[in-house]
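The values are calculated or read from the model by the stated rules, or taken from the named source; none is laboratory data. No experiment lies behind these values; they were computed from the predicted model shown. Cβ: placed from backbone, ideal geometry, glycine included. Neighbour counts: every protein chain shown.
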Amino acid sequence: MEKYPFQLKEEVIFKKGIRCCSGRIREGKLLYYLPRQMKRELVEKVLAEIRQNLILRLKDAYRYYNYFRKCQSHIHKSYELKKMAEEIYTRKYSTLDFSLTIKFRRQKTVMGTYRRKKDGKVVIYINDHFKNAPEFLLEYVIAHELSHHHFSGHDQAFYRELSQLCPDHKKKRKLANQYLLLKEAEIF
């Protein structure tokens, strides 16, 4: 039997107005969301099912733990990220033809956010869990957000654009999700 160095606290939250059960890993806790009107005899069965699913996801992410530890890098500065963005963008376009700022910000569920301001300036906010992430993960997040400069949704055209800016985006997305899960579980 494998040993994992994580012991997470559990919290059950009964919410009014929800119909389905779900679970998340946030801030080092397993959080379970259940409908307030759920019958008490079902609660333990449902909790066990959700717990098993979350632990499986966490064990899957933990397989990459040592890999991420080896790849750890320094806390990235804004000007370094902007330079990285310029390199990514010029893979397809000649120059970065807009004013770009990249900042880290606490975000609960997303890796990054693209914002175009009224004055034409672009701001990319990156989840602060990626502050000392390996560069290839930041490259994916930045390429994803830069793809929103031309395509607002996540349709086929968006993914074509993303694959031109970051050819191995599928692999990097999976790794970024695993990294984020480990950070949310506070294993790093």
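In table form, for the structure just shown:
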{"quantity": "Residue count, the range 70-94 (criterion: under 18 Å from Ala133 (Cα atoms) and in a helix (DSSP H, G or I))", "calculated": "11"}
{"quantity": "Some residue of the range 133-149 being farther than 29 Å from Arg26 by Cβ and touching a residue at least 40 places away in the same chain (Cβ under 8 Å)", "calculated": "yes"}
{"quantity": "Tabulated pairs, the range 47-62, first part of a helix (DSSP H, G or I), second among the polar types (S, T, N, Q), C-beta under 6 angstrom, 6+ apart or interchain", "calculated": "Ala61/Gln178"}
{"quantity": "Qualifying residue in the range 13-25 (condition: touching a strand residue (DSSP E or B) at 6+ places or on another chain (Cβ under 7 Å), outside the structural domain of Ala176 (by TED's automatic domain parsing) and loosely packed, with under 10 Cβ neighbours inside 10 Å)", "calculated": "yes"}
{"quantity": "Output for the range 26-39, where each listed residue is surrounded by fewer than 16 Cβ atoms within 10 Å (Cβ to Cβ), within 20 Å of Ala185 (Cβ to Cβ) and of a type outside the set (D, E, K, R)", "calculated": "Gly28"}
{"quantity": "Within the range 145-162, considering residues that are out of contact with any helix residue (DSSP H, G or I) (no Cβ under 6 Å at 6 or more places or on another chain) and in a helix (DSSP H, G or I), the one nearest to Ser99 (Cα to Cα)", "calculated": "Glu145"}
{"quantity": "Of all residues making up the range 98-123, the number that are over 17 Å from His154 (Cα atoms), in a loop (DSSP other than H, G, I, E, B) and touching a residue at least 24 places away in the same chain (Cβ under 8 Å)", "calculated": "2"}
{"quantity": "Boolean, Ile142 is crowded, with 22+ Cβ neighbours inside 10 Å and assigned to a strand (DSSP E or B)", "calculated": "no"}
{"quantity": "Inter-residue pairs, beta-carbon under 7 Å, first within 24 Å of Gln107 (Cβ to Cβ) and in the range 156-179, second of a type outside the set (Lys, Arg) and not in a helix (DSSP H, G or I), 6+ apart", "calculated": "Phe158/Phe151; Glu161/His150; Glu161/Phe151; Lys172/Cys166; Leu175/Tyr64; Ala176/Met111; Gln178/Tyr64; Tyr179/Ala133"}
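Conditions (1) over 22 Å from Tyr125 (Cβ atoms); (2) basic (Lys, Arg), marked per residue:
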site: Ile50; (1), (2): yes, no
site: Arg57; (1), (2): yes, yes
site: Ala61; (1), (2): yes, no
site: Tyr64; (1), (2): yes, no
site: Lys83; (1), (2): no, yes
